[in-house]
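Beneath this line is the structure, given in structure tokens, with notes to follow.
Since every read-out is calculated from the coordinates, none of them should be taken as a lab result. Note that the structure is predicted; figures quoted are calculated from it, not measured. With ideal geometry, Cβ positions are generated from the backbone for all residues, glycine too; neighbour counts draw on all protein chains shown.
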Amino acid sequence: MSIYLHFRAVAESEIRDDHTWLVAFMSEAWENADAEYAAGIAHSINKDWAAVNDIYAAADALGTDVDEPWNVPIYGGRPLSHSADADPSDPPMMLLEPLGVSQAARFLTTVNFDELWNVVDARFSALGRTKQEYLEHHRDLKEFYGQAASAGHAVVKAIWA
């Protein structure tokens, strides 16, 4: 079974704080994922987003000079509550406002991925995970958040099963 954390950059002024609208917006974004990935306004991670977050958490162990919080790229943002009449199968969602998007972009730009990997390498290698696959996630997130921050966008996150 595939489960994805889907990221979609959008101008904050275009977002309605209405769960039903957000589900429709994110569903349409998911249906158009290939075009949106190519445009740099969307990204997703299949199953491994918690592991990516664990890699970023290694920034604490390093005591790095990175001023931005390491947990913003994956889990940052406020949860968007389901309305009373929402479908219970609607995906969980979060909204990361433009300030948080900028924090994520700065963290991803300033953190040294090789140093993070050195902290988690033994644990991840024991699980059969390779540095290359996570380096690709990091590069993709760095590019996505960089573009979103440059545009002053917010990021909506949804979990699709």
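What the table shows:
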item: Rg(Cα)/(2.2 N^0.38 Å) for region 24-69, N = residue count; result: 1.61
item: Sorted by Cβ neighbour density within 10 Å, fewest at the top, the residues 13, 102; result: 13, 102
item: Whole-Å semi-axes of the ellipsoid equivalent to region 4-160 (Cα gyration tensor, √5λ, descending); result: 27, 17, 14
